[in-house]
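Peer 1: Handing you a structure now.
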Amino acid sequence: MGNNDAPAAATRPCLTLVLAAGEGKRMRSALPKVLHHVAGRAMLAHVLDAAPRGRDDDVAVIVGPDRGDVAAAAQASRPGARIFTQAERRGTAHAVLAARAAIEAARGDVIIAYGDMPLILPETLSRLQARRAQGAALVVLGFHAADPTGYGRLLQKDDQLVAIREERDATAAERAVSLCNSGLMAFDGAVILSLLDAIGNANSQGEFYLTDAVEIAVARGLSCAVELAGEAEVKGVNDRVQLAEAEALMQERLRRAAMLAGATLVDPPSVHLSFDSKIGADVIIEPQVYIGPGVSIEGGAIIHASSNLEGVKIGAGVHVGPFARLRPGAVLEKGAKVGNFVEVKAARIGAGAKVSHLSYIGDADIGADANIGAGVITCNYDGFLKYRTTVGAGAFVGSNSALVAPVTIGAGAYVGSGSVITRDVGADALALERSQQLEKPGWAQSFRARRLAMKAKGRS
């Protein structure tokens, strides 16, 4: 995606400032806007992940007052990130200056990014740096909008950026320009503070805007440039509708990457992936599959329709579903099978083992080639604590059995159908736990006759 300068640019020192102080009132949410999720993680985390990698403290995040939750999320994503607070909301330039200490200590370029733009790619930020390295004092990331209404326009002369004009201030000719401002910029670290300090004359709303830096730089004889990105990549999120649009675009990106890497998605639009989904070659994913965060699927596995996976590791050649639910901590080893209407949580299903249908396996270790019959459950919780169940290699647990943890079924053992197992079972043993079957010949015929007589007398 980048030009030949991009990789080299990415190795140069760079401070990335991420503006995350917006209130996001249009989200109609108690959750800060930048912490809403796209593809399984906060928008802010996507942006921080795209920031150039150098020292951890080469990232600074500007948050609003009393936003410890945003600060904590930022440092969870980039542990060394420095946090600065914009106490008053007085525009984008004012927000950037809240991180003056970080800018003064910066060793190279300064990139300005936004916490509500989750689709931005690291390659694009590298291209901004590369373009900056060609001599421009600042570079603006622009895009050609299908409908530029509402966007600031990038005005150029002789291939140089000369101004950013907000639509309300633009002439008719300027409004006809389709080249728009994404808001992302890369500054020469040696001049950024001088430019920002010169934006001191606030507009009529008492706010200070980064866009004014372009005209100030041009007036000083400094060069300004434009780097291009696709419109979809620079999409910002201000409300739930735009959040859904960003999710759809991210899903398209993730599905395409999975398919190009060798996976088959039978009905791509119906498959939901997450930002960290790891899917091997020759994996087949059938329709209506949800893959949440923390899932890895090795080659040759098949995920059948309408299955839900989160926080699981799936080995080569495993079959899952249809209608299976795999919860965090599940590990399915090579060739295992988890069938329809099976739920697995915090459990290891050994190589070649089968849990074919209608079972719950939680907090358990199921040995290689073991067979778990229909309706088997591990009773792992007593209302206070969780306990583990161990089923040895090659063991057979008959249908409709309950394994009351903590309990161990030995290798090669058999558990008869319908048993409630509360004690350990030795290797190669047979365990049965059933009441004695009682049969009364002719009872049903006599019962029906009595009830019909009662009904005839008007008794209910």
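The values are calculated or read from the model by the stated rules, or taken from the named source; none is laboratory data. If you're wondering where the values come from, they're calculated on a predicted model, not measured in any experiment. We place every Cβ from the backbone using ideal geometry, glycine too, and count neighbours over all the protein chains shown.
Peer 1: Within the bounds of segment 337-346, is there any residue that is assigned to a loop (DSSP other than H, G, I, E, B), crowded, with 18+ Cβ neighbours inside 10 Å, at pLDDT 95 or above and small (Gly, Ala, Ser)?
Peer 2: Here is the first cut: in segment 337-346, the ones assigned to a loop (DSSP other than H, G, I, E, B) are 341-342.
Next, from what is left, pick out any that are crowded, with 18+ Cβ neighbours inside 10 Å: 342.
Applying the additional criterion that residues be at pLDDT 95 or above yields 342.
Then keep just the ones that are small (Gly, Ala, Ser); that gives none.
No.
Peer 1: If a residue must be within 10 Å of GLY280 (Cα to Cα) and buried (at least 18 other Cβ atoms within 10 Å of the Cβ), how many such residues does segment 249-268 contain?
Peer 2: Residues in segment 249-268 being within 10 Å of GLY280 (Cα to Cα) and buried (at least 18 other Cβ atoms within 10 Å of the Cβ): 2 in total.
Peer 1: If I filter segment 305-323 for residues that are touching a residue at least 40 places away in the same chain (Cβ under 8 Å) and small (Gly, Ala, Ser), do I get at least one hit?
Peer 2: no
Peer 1: How many residues are part of a loop (DSSP other than H, G, I, E, B), buried (at least 23 other Cβ atoms within 10 Å of the Cβ) and within 19 Å of the chain's Cα centre (by Cα) if we restrict to segment 313-332?
Peer 2: Residues of segment 313-332 that are part of a loop (DSSP other than H, G, I, E, B), as a first pass: 315-318, 321-324, 327-330.
Filter again for buried (at least 23 other Cβ atoms within 10 Å of the Cβ), leaving 318, 321, 324, 330.
Checking which are within 19 Å of the chain's Cα centre (by Cα) leaves us with 330.
Residues flagged as part of a loop (DSSP other than H, G, I, E, B), buried (at least 23 other Cβ atoms within 10 Å of the Cβ) and within 19 Å of the chain's Cα centre (by Cα) within segment 313-332 amount to 1.
Peer 1: Output the qualifying pairs, or none if there are none: Cβ atoms under 9 angstrom, residues six or more apart or on different chains, first residue in segment 75-100 and in the same structural domain as LEU196 (by TED's automatic domain parsing) and under 10 Å from LEU19 (Cβ atoms), second residue of a type in the set (Asp, Glu) and assigned to a helix (DSSP H, G or I).
Peer 2: Correct list of pairs: empty, since none qualify.
Peer 1: I need every pair where a residue in segment 264-290 that is in contact (Cβ under 8 Å) with a residue 24 or more places away in the chain has its Cβ under 9 Å from the Cβ of a residue that is among the basic types (Lys, Arg), sequence separation at least 6 or different chains.
Peer 2: LEU273/ARG255; SER274/ARG41; PHE275/ARG41; ASP276/ARG41
Peer 1: So, in segment 88-110, how many residues would count as being in contact with a Lys or Arg (Cβ under 9 Å, 6 or more places away or on another chain) and hydrophobic (A, V, I, L, M, F, W, C)?
Peer 2: Number of matching residues: 4.
Peer 1: Just checking, does segment 375-384 include any residue being touching a Cys at 6+ places or on another chain (Cβ under 9 Å) and either on the phi > 0 side of the Ramachandran plot or not β-branched (Val, Ile, Thr) (or both)?
Peer 2: Checked against the condition, which is being touching a Cys at 6+ places or on another chain (Cβ under 9 Å) and either on the phi > 0 side of the Ramachandran plot or not β-branched (Val, Ile, Thr) (or both), segment 375-384 yields no hits at all.
Peer 1: Name the one entry in ALA60, ALA99, ALA113, ALA73 that is small (Gly, Ala, Ser), modelled with pLDDT of 95 or more and under 17 Å from SER126 (Cα atoms).
Peer 2: The conditions single out ALA113.
Peer 1: Take the conditions in a loop (DSSP other than H, G, I, E, B) and either farther than 30 Å from ALA347 by Cβ or assigned by TED's automatic domain parsing to the domain that holds ALA374 (or both) and apply them to GLN436. Does it pass?
Peer 2: yes
Peer 1: Hey, among LEU243, LEU195, LEU179, which residue is touching a residue at least 12 places away in the same chain (Cβ under 8 Å), aliphatic (A, V, I, L, M) and closer than 30 Å to ALA105 by Cα?
Peer 2: LEU195
Peer 1: In addition: For VAL191, only one of the following conditions fails: (1) outside the structural domain of VAL34 (by TED's automatic domain parsing); (2) touching a helix residue (DSSP H, G or I) at 6+ places or on another chain (Cβ under 8 Å). What is its number?
Peer 2: (1)
Peer 1: Please go through (1) at positive phi; (2) without any contact (Cβ under 8 Å) to a residue 24 or more places away in the chain for GLY394 and return the number of the only condition it doesn't satisfy.
Peer 2: (2)
Peer 1: Give just the number: which of (1) crowded, with 20+ Cβ neighbours inside 10 Å; (2) over 33 Å from the mean Cα position of the chain (by Cα); (3) modelled with pLDDT of 95 or more; (4) not charged (D, E, K, R) does LEU184 not satisfy?
Peer 2: (2)
Peer 1: Restricting to segment 112-163, what's the tally of residues that are hydroxyl-bearing (Ser, Thr, Tyr) and without any contact (Cβ under 8 Å) to a residue 60 or more places away in the chain? Talk me through it step by step, then tell me what you get.
Peer 2: The initial filter retains those residues of segment 112-163 that are hydroxyl-bearing (Ser, Thr, Tyr), namely 114, 124, 126, 149, 151.
Now narrow it down to the ones that are without any contact (Cβ under 8 Å) to a residue 60 or more places away in the chain: 149, 151.
Residues flagged as hydroxyl-bearing (Ser, Thr, Tyr) and without any contact (Cβ under 8 Å) to a residue 60 or more places away in the chain within segment 112-163 amount to 2.
Residue-wise test of (1) assigned to a helix (DSSP H, G or I); (2) aliphatic (A, V, I, L, M); (3) modelled with pLDDT under 95; (4) in contact with a strand residue (DSSP E or B) (Cβ under 7 Å, 6 or more places away or on another chain).
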{"residue": "ALA202", "(1), (2), (3), (4)": "no, yes, yes, no"}
{"residue": "ALA213", "(1), (2), (3), (4)": "yes, yes, no, yes"}
{"residue": "VAL218", "(1), (2), (3), (4)": "yes, yes, no, yes"}
{"residue": "ALA246", "(1), (2), (3), (4)": "yes, yes, no, yes"}
{"residue": "GLU252", "(1), (2), (3), (4)": "yes, no, no, no"}
{"residue": "PRO269", "(1), (2), (3), (4)": "yes, no, no, no"}
{"residue": "PHE275", "(1), (2), (3), (4)": "no, no, no, yes"}
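Peer 1: If you scan segment 95-125, which residues turn out to be farther than 30 Å from ALA244 by Cα and not hydrophobic (A, V, I, L, M, F, W, C)?
Peer 2: ARG100, GLU104, ARG107, GLY108, ASP109
Peer 1: Against the condition under 26 Å from GLY115 (Cβ atoms), modelled with pLDDT of 95 or more and in the same structural domain as ALA136 (by TED's automatic domain parsing), how does ALA257 come out, does it pass?
Peer 2: no
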